[in-house]
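K.L.:
Take a look at this one; I'll ask things after.
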Amino acid sequence: MPDTNAKPKTVAILGAGPVGLAAAAHVLERGMEPIVLEAGPQVGHAIRQWAHVQLFSPWQYNVDKAAERLLVAAGWNSPAADDYPTGGELVAQYLEPLATRTPLKDRIRTSSRVTAVARKGFDKMKSNGRALEPFTVRYRNGKGVETLKADAVIDASGTWFSPNPAGADGLTAIGEEEMAARIAYGMPDVLGSARDRYAGKTVAVLGAGHSAVGTLVDLSRLKDEMPTTEVIWLLRGDKPEKAFGGGASDQLAARGALGTAFAALVASGKIRIESGFKVSHVGRDGARIHVATGGASCCRSVVVDELVVATGFRPDLSFLREVRLALDPAIEAPLALAPLIDPNLHSCGSVRPHGAHELAQPEPGFYIAGMKSYGRAPTFLMLTGYEQVRSIVAEIAGDREAAANVELVLPETGVCSGPAPGATDMAASGCCGGPAPEPASGCCVADVKAKAEGKKGCGCS
Ligand SMILES: Cc1cc2nc3c(=O)[nH]c(=O)nc-3n(C[C@H](O)[C@H](O)[C@H](O)COP(=O)(O)OP(=O)(O)OC[C@H]3O[C@@H](n4cnc5c(N)ncnc54)[C@H](O)[C@@H]3O)c2cc1C
């Protein structure tokens, strides 16, 4: 149990999204002092970028228990458990009240971007006495550079602001930065605030996850309203059906319904599909943009007015250079968590309950939680993050028993098949297994054919 005589521990929480604020609620409940640093001008800054998107988890899965206790004590009425909020409603009806009507309001610093985390007086290499020293958290706000001393740090800064680029090799495609004005990342609001940018245009969407599917469904609705709108789906793999999800067997009905609607859209032929499309170049084509696979002039390309890149997200590790981390080389998630969420091994979205133990880093007292803890892997749900931070905060408070007693039942995607060949026991125990990503191989057909005929190809495979 926590040592009541000691000065309450200060816990720095990076990011005021749902998981960061839940962590702060648990820290407060445990009699410690949370300080939340949020880069954006308001809490829920990342979610506000996709405020138009309807969540596929109903309210009962979106509210953290400790946060709810704080809110109810402040007279908050919880929304109907089975209703599905949009991102904007989640912020307005939950995160904003949590940040303004509860004791958390004095513990959140917005417009405070964390730029570095380190051990006070210790660089990464120095060990002796390291764990006895507090953390230094450096952040930038309107006044300049500030520092915060903390006994523990929970990095819940998400991944929304570090989207993967268009390049199939994980790099920006050649010309991608130069053409940034015609490229959007994530889920632009094509039916709302960004309607004029996309209506009547030829729009390509690159990606095969929920963000790409959601944007393609919205664009097809825009096409219904403005028939001159042309929609092109660019996917790296060659199995479009992989994006259809579990449909009726998805335990999150709204997520299943999105997949079913998308399957019908694909079957309708309303959108043009370019599969096996591994982007390498983006360039100008008059007033439009040219998106190509292989060499700029080579092989396959599309000419469009706008490109939406929805190829997933990755963690920003730049401000953690002085922290001792152990992350999976591929997923960039904590080592013990990675096999449970690796999309090369799993597709069902459920994950074994996990907490402080799986999320611990070689740097004692430092944890990555929330969307960021999943690294580059998809399928993170807030419910997972809430259990992560409940356990982490118990650990920081010294309540080992509560920290270890992790519980989590997640709605499965319904896209399951037996453990992948070679899956480790850990991976196999994570869920019912079955690889998610498409086994896309070589690139442009022409090239492969040429090589098969012993002719010199165009070098894109
Ligand atoms: C379009 C979309 C739909 C989703 N739908 C669902 C759903 O239906 N159900 C579900 O459970 N999950 C869903 N998710 C997944 C996930 O739950 C959300 O992304 C959720 O917002 C993750 O919460 P988080 O607190 O971990 O991160 P975020 O909400 O991303 O919060 C991180 C915060 O950290 C801040 N930040 C970033 N860098 C810094 C820095 N250097 N210093 C200080 N602050 C920083 C950001 O501004 C941001 O406000 C969805 C995700 C997306 C993108």
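The values are calculated or read from the model by the stated rules, or taken from the named source; none is laboratory data. Small disclaimer: the values here were computed from a predicted structure and weren't measured. Cβ coordinates were reconstructed from backbone atoms using ideal geometry, including for glycine residues, and neighbour counts include every protein chain displayed. Please note that ligands, DNA and RNA were not included when accessible areas were found on the heavy atoms of the full protein model with its side chains. Shrake-Rupley method; radii C 1.70, N 1.55, O 1.52, S 1.80 Å.
K.L.:
With all protein chains present and a 1.4 Å probe, how do T229, T172, T311 order by accessible area, largest first?
P.N.:
Sorted descending by solvent-accessible area, the residues read T172, T311, T229.
K.L.:
Something else about it: Any of K242/K270; K9/K105; K124/K278; K9/K126; K65/K143 with alpha carbons more than 27 Å apart? Name them for me.
P.N.:
K124/K278; K65/K143
K.L.:
By the scheme Lys and Arg +1, Asp and Glu -1, what is the net charge of all other residues having a beta-carbon under 13 Å from that of G17?
P.N.:
-2
K.L.:
Ignoring everything but the protein chains, give the 1.4 Å probe accessible area of Y185 in square angstrom, nearest 10.
P.N.:
80
K.L.:
Rounded to whole Hz and in sequence order, give me ³J(HN,Hα) for the stretch 176-186 from the Karplus expression 6.51 cos²θ - 1.76 cosθ + 1.60, θ = phi - 60°, writing x for Gly and Pro.
P.N.:
4, 5, 4, 9, 3, 5, 10, 10, 10, 10, x
K.L.:
Could you put D82, D155, D196 in order of accessible surface area, largest first, with the 1.4 Å probe and the full protein assembly present?
P.N.:
Values: D82 105, D155 0, D196 130 Å².
Reading off the accessible areas and sorting them downward yields D196, D82, D155.
K.L.:
Next question, about the same structure. Contact order normalised by length for the stretch 180-309, with contacts defined as Cα pairs under 8 Å and 6 or more residues apart; what percent is it? Intermediate results must be reported in sequence, preceding the final value.
P.N.:
Details: 247 pairs, mean separation 38.0, N = 130.
Normalised by residue count, the contact order of the stretch 180-309 is 29 percent.
K.L.:
Calculate the spin-label point distance for R324 paired with A336, positioning each point 7 Å from the Cα along the beta-carbon direction, and give it in nanometres.
P.N.:
In this crude label model, A336 to R324 measures out at 1.6 nm.
K.L.:
Let me check something: with ligands and nucleic acids excluded, how do L345, L98, L171 order by accessible area (1.4 Å probe), largest to smallest? Please list the in-between numbers first.
P.N.:
On the way: L345 35, L98 0, L171 105 Å².
Most to least solvent-accessible, the answer reads L171, L345, L98.
K.L.:
Follow-up. Apply 1/(1 + (r/R0)^6) to the Cβ-Cβ distance of D169 and E241, taking R0 = 35 Å, and write down the FRET efficiency to the nearest 0.05.
P.N.:
The calculated FRET efficiency here is 0.90.
K.L.:
Related question: In the chain, what percentage of the DSSP-assigned beta bridges are antiparallel, given to the nearest 5?
P.N.:
If we restrict to bridges inside the chain, about 50 percent are antiparallel.
K.L.:
Write down the percent of antiparallel bridges among all DSSP beta bridges whose residues are both part of the stretch 180-309, to the nearest 5.
P.N.:
40
K.L.:
Okay, next question. Explain nothing, just the number: relative contact order of the chain, from Cα pairs under 8 Å at least 6 residues apart, as a whole percent.
P.N.:
So the answer I get is 17 percent.
K.L.:
For the chain, take the longest principal axis of its alpha carbons; what is the angle in degrees between that and the long axis of helix 18-29, to the nearest 10 within 0 to 90?
P.N.:
The answer is roughly 10 degrees.
K.L.:
Next question. If the reach is capped at under 13 angstrom between alpha carbons, list the aspartates and glutamates near K149, excluding any in the same chain fewer than eight residues apart.
P.N.:
E33, E133
K.L.:
Return the sequence-ordered ³J(HN,Hα) values of the stretch 102-109 in whole Hz as given by the Karplus equation 6.51 cos²θ - 1.76 cosθ + 1.60 applied to θ = phi - 60°, using x for Gly and Pro.
P.N.:
Once θ is set to phi - 60°, the couplings for the stretch 102-109 become 10, x, 5, 4, 8, 10, 10, 10 Hz.
K.L.:
Let me ask something else about it. Which whole-number value in Å² is the accessible area per residue of the chain, probe 1.4 Å?
P.N.:
43
K.L.:
Where does the charge balance sit around K65 when Lys and Arg score +1, Asp and Glu -1, over other residues with C-beta under 10 Å from its C-beta?
P.N.:
Details: positive: R69, R390; negative: E29, D64, E68, E387.
In short, -2.
K.L.:
Using the Karplus equation 6.51 cos²θ - 1.76 cosθ + 1.60 (θ = phi - 60°), what ³J(HN,Hα) coupling, rounded to whole Hz, does each residue of the stretch 218-235 give in order, writing x for Gly and Pro?
P.N.:
Listing the rounded values in order: 5, 5, 5, 5, 4, 5, 4, 7, 10, x, 6, 6, 10, 10, 10, 9, 9, 10 Hz.
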